[in-house]
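These notes concern the structure reproduced below.
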Amino acid sequence: MKPNDLIQLGVPQGAAIQSGMDFIAKFMAQGGESARLEEELGAVIAKPESFLGDPLREVFARDLYAPAYKQRDALAPWAQWGSGLDAAAVQQMANACALPVAVAGALMPDAHVGYGLPIGGVLATEGCVIPYAVGVDIACRMRLSVYDRKAGTIAGQKDRLANILESETNFGMGGAFKDKRHHDVMDEDWAVSPITRRFKDKAWAQLGTSGSGNHFVEFGAMDVNAQQSAALKESGFDVPPGEYLALLSHSGSRSTGAQVCQHYSRIAMDRRYDLPKEMKHLAWLTFEEEAGQEYWAAMNLMGRYAAANHALIHKHIAKKVGAHVMLDIENHHNFAWKETHLIEGTEHEVIVHRKGATPAGEGVLGIIPGSMATPGYVVRGKGKASSLSSASHGAGRVMSRSVAKQSFTWGGVKKQLAAAGVELLSAGIDEVPGVYKDIHSVMAAQTDLVEVLGQFQPRIVKMCPEGPAED
């Protein structure tokens, strides 16, 4: 079959012709029958969205897919890492690149369905910000502290370390300390938005606490080999080769961040009322609008507030551990940054939304966690242009919370955790290891985005106990 044959079948000229020819070659190489080839091609051409998650057909399907809503001649360029991703997540990414304000996009290997932009989605826009492309948990972040204590001390101090986590953390709805914690972020101007002004007292009550869902604080063993030690030294950290006691936390801007997202998303949806139902969460606010300026100021305040929550957790726990911190790094996702990127040969000043994606500019350090029973990784970004200098933010879910609750029992999970040497203090059954992708596969799919500088293995894990969702 030749390109002209594809055109006669209805394939538009352009990228889809080449990807169609590539599909034919792979189909035949895998033992496909030539008699079935036209039928196979016809199925993809007729309904490409059904094949977006199919490893063999997804590239061809992507080049054929045309969103119902299209205010531009061609989708904004976007790249994908990992194959066999959830078709609905790939479709969401394509829909986002159909927006008239979209400039470029990228989809990370941990991708799964979100609201509007998929989790693991990166979207560059011009002159505007999309509240739901940032997400509900604004500036959710990872923070890692590596102590000058050997990891071998964990076994002998499990009870003490567990007690420290129990006394110095608070999770989920109603989570607050008896005595309010203090941080300079509460002295900032919280009147930048009517929402931050209204919820300042609640934010202060929740200062230093963690959310529900996939948020955690955990002790573990941080392993650094000689090559990684040298790379860390290049980045300004003196961590000799070895295995160390470390603390890893994951949380965001709590209830106030959620209120900011919901308030400004409603305004954006009202103003972009012509978006179809399946794309309403991609509604944007321009910076010429007062609401857009308010949201941007509130989002950045929530970023500093989320950082303060982690700073207090790590400060109080380090004091109780009584150890010196050798390495202290953090990175955030669910945020939007003003950045300059080279896109199709031209420099653009854009707003880069990373919803469940980690900044991975050249030389930038970050943390990519696995699950409560699998390793997380300290990474250094390579600044890959086509990824908009981004990487995954974790392993990524393979099932919804409702499906997870029907699929697992604590009896089986506890055996798995015991085999992995993990003590779980509290968590929901919808956060067990089986709900996540294989972190090793996710990392293997993004070797061109980041290099690994260390590995963290969870040992004592605390998450929000079973109960109501985030308030």
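Over the stretch 141-463, what portion of Cα pair distances is larger than 26 Å, expressed as a whole percent?
51
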Compute the signed sum of charges (Lys and Arg +1, Asp and Glu -1) over the other residues within less than 11 Å, Cβ to Cβ, of PHE287.
-4
Can you list the lysines whose alpha carbon is less than 23 Å from that of LYS320, not counting same-chain residues fewer than 8 positions off?
LYS150, LYS158, LYS178, LYS180, LYS462
Determine which lysines satisfy two conditions relative to LYS2: a Cα distance under 24 Å, and not lying fewer than 8 residues away in the same chain.
LYS26, LYS47
Normalise the Debye intensity by I(0) for the stretch 223-325, one equal point scatterer per Cα, no solvent, then take log10 at q = 0.10, 0.13, 0.24 Å⁻¹ and round to two decimals.
-0.53, -0.71, -1.24
Determine ³J(HN,Hα), in whole Hz, for all residues of the stretch 239-246 in sequence, where each value follows from phi through the Karplus function 6.51 cos²θ - 1.76 cosθ + 1.60 and θ = phi - 60°; x replaces Gly and Pro.
10, x, x, x, 10, 10, 5, 9
Find the centroid of the Cα atoms in the stretch 1-79 and in the stretch 219-283, then give the distance between the two in whole Å.
35
Excluding same-chain residues fewer than 8 positions from LYS338, which lysines have a Cα within less than 27 Å of its Cα?
LYS70, LYS200, LYS280, LYS355, LYS382, LYS384
Ratio of Rg to Rh over the stretch 86-164 (Cα coordinates, Kirkwood Rh, two decimals):
1.26
Hey, could you grab the Kirkwood Rh for the stretch 317-454? Inverse mean 1/r over distinct alpha carbon pairs, Å, one decimal.
17.1
Rounded to the nearest whole Å³, what is the per residue volume of the convex hull around the Cα atoms of the stretch 1-65?
70
Nearest-5 percent of antiparallel DSSP beta bridges in the chain?
90
Please state, rounded to one decimal and in Å, the Kirkwood hydrodynamic radius that the stretch 163-288 gives when every pair of distinct Cα atoms enters the mean of 1/r.
18.3
For the stretch 191-261, what are Rg and Dmax over the alpha carbons, in angstrom?
18.4, 51
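All of the numbers you see were taken from the coordinates with simple rules; none came from a lab. Only a predicted model underlies this, so the values are computations on that prediction, with no experimental measurement involved. Quick reminder, even Gly has a Cβ in these numbers, built from the backbone with ideal geometry, and neighbours come from all protein chains shown.
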